[in-house]
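Peer 1: I am attaching a structure below and will ask some questions about it afterwards.
Derivation of every value follows stated rules applied to the coordinates shown; laboratory data play no part. On a predicted model such as this, the values are computed, not experimentally measured, just so you know. Positions of Cβ are generated from backbone atoms using ideal geometry, with glycine treated the same way; all protein chains shown enter the neighbour counts.
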Amino acid sequence: MRDTVWKDVETMTELDNSSRPLIAQSWQRVAMSGLYPGASVDDAAIEEVDRRSRLMVAAAPVLDEMAGELEGSGFAVILADRNARLVDLRYGERRLQPKLEKVGAVEGRRFLEETTGTNSIATAFELRRGLAVRGEEHYIEALKRFSCYGQPVLNPVTRRIEGVLDITCLNEDDSPLLAPFVIRSARQIGERLLEESRQAEQRIFRSFQDATVRARNRPVIAIGDDILLANTAAIQILEPADHALLRALAIDAPMDREVTRDIDLSTGRLSASVLRIPGSGAALFTLDEPLTRSKTLQPGPVASIGSVLITGEPGSGHTTAARAVADEQAVWFDAAQVSEWGERQWAEQLRRQLDQSRCVVVEAIEFLPPALARRAAEYLRSARARVIVTSAPVDELPPEHAALVAHCTERIELAPLRHRRADIPGLVKKMLDDLGTATQVRFTPAALEALAGQQWAGNLRELHTAVTTISTSRSAGDITVSDLPEQYRGRLTRPLTALEQAERDAVVKALKDFKGNKKAAAQQLGISRTTLYRVIRSYGIVTTPTR
């Protein structure tokens, strides 16, 4: 054991020689991400910390022991979880706490290279190895007064990084003796993780058994990172596509209370109670009887008279929604027909049908020429027919088109697909059915989770194109993550909250409006360019360089 520790120490202390290229390579990665040395770590988001996670439970006794040994010294012990989020900070002397907090080292903040530069937490994650970063080797100017030693905490079974253990001090207090200390402690946490993993499985199993007894014949599911338990009632209604949905809901469930959710499984909509199992990373679902049978997603009911506006981002299902609320004898018009018919004929046909028909659908009005949009608005005011209009989001319409939709008395707003992640497994299944390939191929739960983690700028249209392409390339069998196009292989680790999604959408729109000009976009949003860069990096927004 001692030989192994000192071998690791020799590797870490090689920083003075062979490890220098690692620092240079890290600086290059950071610079390419758009971060600049004067940036503030304080701009990185602060997230909720699960104090009952397996890592926290396993690490607590080791951190207590480290804190006791370092009491009265100028050192801080910091633990980051597998998402590079700081989850525990201990201080030998309280005078160090405000100094570290001033540079952004607070509980809940994520330390990634693209947001915090080169340091022993972010770079240890990137390299999957222990690392010392001293003084001037930090990329961010505010961190140069510190020296830090970081060592990954590995799961002894899976060899997956569960976190990084770090010791930080001011440069004047630096000591090479810290290296074996942090290496030994990180290994102890890893060994305790193995034992905690066994105990976590036991907690999941006990919680599942207790819930099964209480629920009688109702479906019960316990689902975590590497485990899924289901009673007979649950097995009868669960399909592989449902696993991805349940995992996403488990990630998003509150940590401190049981909540009730309406969820759409393959068999229909059900009401479910969701409870996180402490110290396990798993969640327990107890389901009630289906509220509705599974069917194609439809907009809510609308009045049988008057005019209806169906609005939403391109590709979000305008035509499908219009079919759902239109009469079978409806007459359909599309802005694309104007180039074929000519403005005069298109306008005359629209006027005649609005006067004679029972129901008229006018699609994609945002593409109508302004003069034609004004004439159509006049016709709608005196129309006898029930009118259904589809358009882009109202706040993106020019004045003439906004005046046209203002005559609609009912409105259906189609949510973008990124706000409907729980619907994606069901939508994929429906698309496979429509393509006639549902009996030949199947998306695995992991592949569905990867699809659910995408932003889907093209909404349903983009998803349909992706499903068609993927299912065509594989004629039979399971479609796994490796079968997906590379841009769709990212896995969902934490769904964005409504506030985070709104923030991301606002930045994407501003960048689009100003053709990628970050300075103009930041001014439009009323934020600093530093904050804009932080949002771009945090949410993985792809930007086009300004010409």
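Peer 1: Helix 424-435 sits at what angle to the longest principal axis of the chain, using alpha carbons and giving 0 to 90 degrees rounded to 10?
Peer 2: The angle comes out at about 50 degrees.
Peer 1: Give, in nm to one decimal, the length gained when the segment between residue 157 and residue 384 is fully stretched (0.36 nm per residue of separation minus the Cα-Cα distance).
Peer 2: Extra length from residue 157 to residue 384 when fully extended: 74.6 nm.
Peer 1: In degrees from 0 to 90, rounded to the nearest 10, what is the angle of the helix 370-381 Cα long axis to the longest principal axis of the chain?
Peer 2: That helix lies at roughly 70 degrees to the long axis.
Peer 1: Stretch residue 24-residue 64 to full length: gain in nm at 0.36 nm per residue minus the Cα-Cα span? Don't skip to the end; give the middle numbers.
Peer 2: Numbers: separation 40, 0.36 × 40 = 14.40 nm, distance 3.49 nm.
Contour length minus the Cα-Cα distance gives 10.9 nm.
Peer 1: Then there's this: Farthest toward the dipole's positive end in the range 2-193, which of 189, 46, 122, given Cβ charges of +1 (Lys, Arg) and -1 (Asp, Glu) about the Cα centre?
Peer 2: So the residue furthest toward the plus end is 189.
Peer 1: Distance in nm between label sites at residue 476 and residue 227, each 7 Å beyond Cα in the beta-carbon direction?
Peer 2: Label at residue 476, label at residue 227, 3.7 nm between them.
Peer 1: What distance in nm separates the simple spin-label points at residue 260 and residue 334, each placed 7 Å from Cα in the Cβ direction?
Peer 2: 4.5
Peer 1: Pull up all non-local amide H partners of residue 361: gap of 5 or more, or a different chain, and H-to-H distance under 5 Å with H placed in the peptide plane.
Peer 2: Long-range HN contacts for residue 361: 331, 332, 333, 388.
Peer 1: Rounded, prolate or oblate: which fits the range 307-413 when a ≥ b ≥ c are the square roots of the eigenvalues of the alpha-carbon gyration tensor, with rounded for a/c under 1.5 and prolate only if a/b beats b/c?
Peer 2: Rounded is the answer for the range 307-413, as its axis ratio a/c remains below 1.5.
Peer 1: A further question follows. Extension gain residue 515-residue 173, at 0.36 nm per residue separation less the Cα-Cα distance, in nm?
Peer 2: 118.2 nm
Peer 1: By how many degrees, between 0 and 90 and to the nearest 10, does the Cα long axis of helix 2-13 differ from the longest principal axis of the chain?
Peer 2: It is inclined by approximately 70 degrees.
Peer 1: Can you say what percent of the DSSP beta bridges in the chain, counting only those with both residues inside, are antiparallel? Round to 5.
Peer 2: Details: 50 of 70 bridges.
So the antiparallel bridges in the chain amount to around 70 percent.
Peer 1: Further, regarding this structure: Taking 1 over the mean of 1/r across every pair of different Cα atoms in the range 356-457, what Kirkwood radius in Å do you get? All intermediate terms of the calculation are to be shown ahead of the outcome.
Peer 2: Details: mean 1/r = 0.0602 Å⁻¹.
When all Cα pairs of the range 356-457 are included, the Kirkwood radius is 16.6 Å.
Peer 1: Okay, next question. Given a Förster radius of 45 Å and the C-beta distance between residue 145 and residue 205 as r, what FRET efficiency does 1/(1 + (r/R0)^6) yield to the nearest 0.05?
Peer 2: Taking R0 as 45 Å, the efficiency between residue 145 and residue 205 is 0.35.
Peer 1: Moving to a separate point now. Relative contact order for the range 364-449: what is it in percent, counting Cα pairs under 8 Å that are at least 6 residues apart?
Peer 2: Relative contact order, the range 364-449: 28 percent.
Peer 1: Just the C-alpha atoms of the chain: what Rg/Rh do they give, with Rh taken as the Kirkwood radius?
Peer 2: Rg divided by Rh gives 1.05.
Peer 1: What's the long-distance tail for the range 417-488, i.e. % of Cα pairs beyond 14 Å?
Peer 2: 53
Peer 1: In nm, to one decimal, how far is the residue 93 label point from the residue 469 one, both placed 7 Å along Cα→Cβ?
Peer 2: A separation of 5.8 nm, rounded to one decimal place.
Peer 1: Which of the pairs 144/519; 102/518; 102/519; 429/515 have their Cα atoms more than 30 Å apart in this structure?
Peer 2: Details: 144/519 28 Å; 102/518 27 Å; 102/519 27 Å; 429/515 37 Å.
Pairs exceeding 30 Å: 429/515.
Peer 1: Could you tell me which GluC sites (Glu not before Pro) in the range 59-118 are loop residues by DSSP with no more than 12 other beta carbons within 10 angstrom of their beta carbon?
Peer 2: Of the GluC sites (Glu not before Pro), the ones in loops of the range 59-118 whose Cβ has at most 12 other Cβ atoms within 10 Å are 71.
Peer 1: On to the next question. Suppose we take every Cα in the range 2-193 and form the convex hull; what volume per residue is that in Å³? Don't jump to the answer; show the numbers that get you there.
Peer 2: Working: hull volume 20.8 nm³, N = 192.
Per-residue hull volume (Cα only) is 109 Å³.
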